[in-house]
1. Please give every one of the aspartates and glutamates within straight-line cross-link reach of LYS12, meaning a C-alpha to C-alpha distance under 12 Å, and leave out same-chain neighbours fewer than 8 residues apart.
2. How high is the FRET efficiency from THR113 to ALA286, r the C-beta distance, R0 35 Å, rounded to 0.05?
3. For region 1-102, just say rounded, prolate or oblate: build the C-alpha gyration tensor, square-root its eigenvalues into a ≥ b ≥ c, call rounded for a/c under 1.5, and beyond that prolate if a/b exceeds b/c, oblate if not.
4. Can you find, among ALA123, ALA139, THR164, the residue farthest towards the positive end of the dipole of region 115-171? Put +1 on the C-beta of Lys and Arg, -1 on that of Asp and Glu.
5. GNM on the chain, C-alpha springs below 10 Å: top fluctuator among GLY242, GLY53, GLY24?
6. Given springs between every Cα pair under 10 Å in a Gaussian network model of the chain, which of ILE274, ILE155, ILE61 has the largest fluctuation?
7. Summing -39500 (n - 2.57) over the DSSP H runs of n ≥ 4 in the chain and dividing by its residue number, what mean residue ellipticity at 222 nm do you reach, to the nearest 500 deg cm²/dmol?
8. Please report, in debye to the nearest 20, how large the charge dipole of region 115-171 is about its Cα centre when each Lys and Arg carries +1 at its beta carbon and each Asp and Glu carries -1 there.
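Every read-out reported here was derived from the displayed coordinates using simple, explicitly stated rules and does not represent laboratory data. Predicted model only: the values in this text are computed from it and were never measured. Every residue, glycine among them, receives a Cβ derived from its backbone with ideal geometry; neighbour counts consider all protein chains shown.
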Amino acid sequence: MVAVVGPTGSGKSDLAVSLALELGGEVINADSMQFYRGMDIGTAKITEDERRGVPHHLLDILDVTEEASVSDFQQRARALIADIHARGKRAILAGGSGLYVRAALDVLEFPGTDPAVRRRLEAELETAGAAPLRARLEAVDPVSAGRLGDARRIIRALEVFELTGRPFSSFMPTREYAQPAVQIGLEVDREQLRERLARRVDTMVDSGLLDEVRKLDAAGLRLGRTAPRALGYAQFLKVLDGESNAAQAAEDTIVATRQFARRQLTWFRADPRIHWLGWRDPELVAKAAALCSPGSPAPDTAKAHRTGTVTLKHGRNPGRGR
């Protein structure tokens, strides 16, 4: 299968559609916020016209009150991959949610959950704060304690330890594909991406982002655990509450989106299996399609292993915003 990855705003959706047309494929969404019905403007969700007749899967599968689940996504994505391949098509994963991409591609085990244990830990957080929970995690899983910053993830790590007797860190994935795959990453010029992300947020505002947030708020957006934290939606909920204005919310969204893009780049650069292509290379589609052909060359992983980074290149051909 094929995966198109990279930071938000780099043009993943367009490349995925072009590859699908070139290879006879169908696209599987791996952007966790595009799972939500009605979250269209703020997630830059690809429109029907932009899909150019290519079937797209795992868009608009959740209400905003529902919580996105990586394990559920893994099951759905792998069932779709098997179905697409059984019909003689190519499955093309597209998205920037790093853990979701790895859940679809890699050998990755997800421990179960227990609502009662989760509620008890959340009650402890409410009464005593995060410090005692972090101290407990440091005692049983110092690796996770050093990696996890927010209370929600600390609770999850403690829940897993209670249920399995294994540290949460022992479930972290190795870089081993569950089936043959090619990952194509979009290299970006960071300054150009910063400018593009600002323009994109301005376009979202002009296209009615505040009205979209207002409509979703009436549909229970704040009741969800995942959707109300989405970029743009969290900032514009403050406008509805009178805590901010549209201009400030737009600026806050730009800052948060740029920070998110940096985190995405850090995540994907750490994977030496990714083939990096310039986001504005006029031959981008042809080069990407060649990588997906039998006998295509393996990525040069030596430098990535040594440095943990991938050089960002300047491109020439303008691309879209996803």
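1. Cross-link targets: ASP31, GLU187.
2. Values: r = 45 Å, r/R0 = 1.28.
Taking R0 as 35 Å, the efficiency between THR113 and ALA286 is 0.20.
3. Details: a/c = 1.56, a/b = 1.20, b/c = 1.30.
Oblate, since a/c reaches 1.5 and b/c is not below a/b.
4. Positive-end residue among those listed: THR164.
5. Per the Cα network of the chain with a 10 Å cutoff, GLY242 tops the list.
6. Highest fluctuation among the options: ILE155.
7. Value at 222 nm, helices only, nearest 500: -15000 deg cm²/dmol.
8. Numbers: 10 positive and 8 negative charges, 27 e Å.
Here the size comes out at about 140 debye.
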